[in-house]
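Worksheet for the structure shown next.
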Amino acid sequence: MTDPQNSQYQVQHVSSDFSWAAPMPSVTPGEMAPPRPATLTVASWVWLAATALGVVSLGLLILTNVDGFAANMVESSRNDPSPIDLAEGRIAARVFAGMAFVGGAVVSVPFIIGAIKLRAGRNWPRVMLAVLGGVALIYNFVVFITALTSTNWQLGVALTVLTAGLTIAAIVLMFLPPSNAYVSIADMR
């Protein structure tokens with residue numbers, strides 16, 4: 001153990017001249033960006049929720065109605081040279097449900113990017129999400145009709161109605177007056 005009385009430390013002298021690091025000028029409240037309105041923040045989260053539901057809606061509809069989709073495939077293949085049986089139809093329905101999940105995940109990418117970029121207050125994500133939202137509403141209508149014709153229709157109908165409602169709410173929130181004011185200021189920066 002060393003004796004603290006006899007220990008020697010080397011101290012290097014550091015210059016205290018920080019003239020090269022001049023302080024930044026102060027920012028006045030008028031120069032600061034306005035706070036993001038709650039309408040855009042909520043719209044961003046609603047878009048993410050609607051996207052998540054949209055990704056799973058068709059796949060879950062198929063998985064809850066595997067026997068019905070399999071029976072439809074068997075019926076439609078009766079005139080083929082090699083018709084499929086019910087077991088093959090069930091496998092095909094499950095594979096199609098998996099493809100619907102993967103396809104939904106791929107299609108969701110622009111929605112997710114738009115929802116994240118929407119928070120910055122730029123106009124292009126609003127326009128992109130409004131157009132994509134219109135396409136998504138048409139898709140939801142098709143899934144809704146498919147769900148109504150299914151044996152176990154309740155889950156499919158509930159998911160599509162909820163997804164369509166969230167999509168409409170997100171579009172409305174993006175274009176409310178506080179959102180418009182924030183976007184017009186953000187576009188000038």
How do 113-125, 134-146 rank on mean C-beta neighbours within 10 Å, highest first?
113-125, 134-146
Taking other Cβ within 10 Å of each residue's Cβ, how do S108, S179, S82 sort, fewest first?
S82, S108, S179
Quickly work out the A49-to-L137 label distance, labels modelled 7 Å from Cα along the C-beta direction, and quote it in nm with one decimal.
1.9 nm
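Please arrange S77, S57 by counting, for each residue, the other beta carbons lying within 10 Å of its beta carbon, fewest first.
S77, S57
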With DSSP loop assignment and no more than 11 other C-beta atoms within 10 Å, the trypsin sites (Lys or Arg not before Pro) in region 41-96 are R78
Fewest-first sequence of E88, E75 by Cβ atoms within 10 Å of each Cβ:
E75, E88
Shape call for the chain, from the Cα gyration tensor axes a ≥ b ≥ c (a/c under 1.5 means rounded, otherwise prolate when a/b beats b/c, else oblate), comes out oblate
C-alpha center-to-center spacing [region 32-60, region 102-147] in angstrom
10 Å
Per-residue [θ]222 nm for the chain (sum of -39500 (n - 2.57) over DSSP H runs n ≥ 4, rounded to 500):
-24000 deg cm²/dmol
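Every number in this text was worked out from the coordinates using simple rules, so none of it is lab data. Just so it is clear, the model here is predicted, and its values are computed rather than measured. In this analysis, Cβ positions are derived from the backbone assuming ideal geometry, glycine residues included, and neighbour counts consider all displayed protein chains.
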